[in-house]
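See below for the structure under consideration.
The values are calculated or read from the model by the stated rules, or taken from the named source; none is laboratory data. As the structure is a computational prediction, the values presented were derived from the model and not from experiment. Ideal geometry is used to build each Cβ from the backbone, glycine not excepted, and the neighbour counts take in all protein chains shown.
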Amino acid sequence: MTMDFRERHVVVSGGTGALGRAVVDLLTAAGAHCHVPYRREAEASAQRPRRNGGCTAL
């Protein structure tokens, strides 16, 4: 099965956890731009290296 999320924006709640990160990786690989909400700055810092790959920490 091929997922095509090009030109799509997806909010992934829980995207800072282990399973959520895997989901974000799959969605960005399928072309999506993921938005990941966080509570602590450390969680956002973990997302920063991935921003260029189609992920934004909110």
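Things to note:
- Within the stretch 7-23, the set of residues being at pLDDT below 90 and surrounded by 15 or more Cβ atoms within 10 Å (Cβ to Cβ) comprises G15, T16, G20, R21.
- Search result, residues across the stretch 30-58 that are under 10 Å from the mean Cα position of the chain (by Cα) and either surrounded by 15 or more Cβ atoms within 10 Å (Cβ to Cβ) or at pLDDT 75 or above (or both): A32, H33, C34, H35, V36, P37, Q47, R50, G54, C55, T56, A57
- Search result, residues across the stretch 1-15 that are over 12 Å from A29 (Cβ atoms) and part of a loop (DSSP other than H, G, I, E, B): M1, E7, R8, V12, S13, G14, G15
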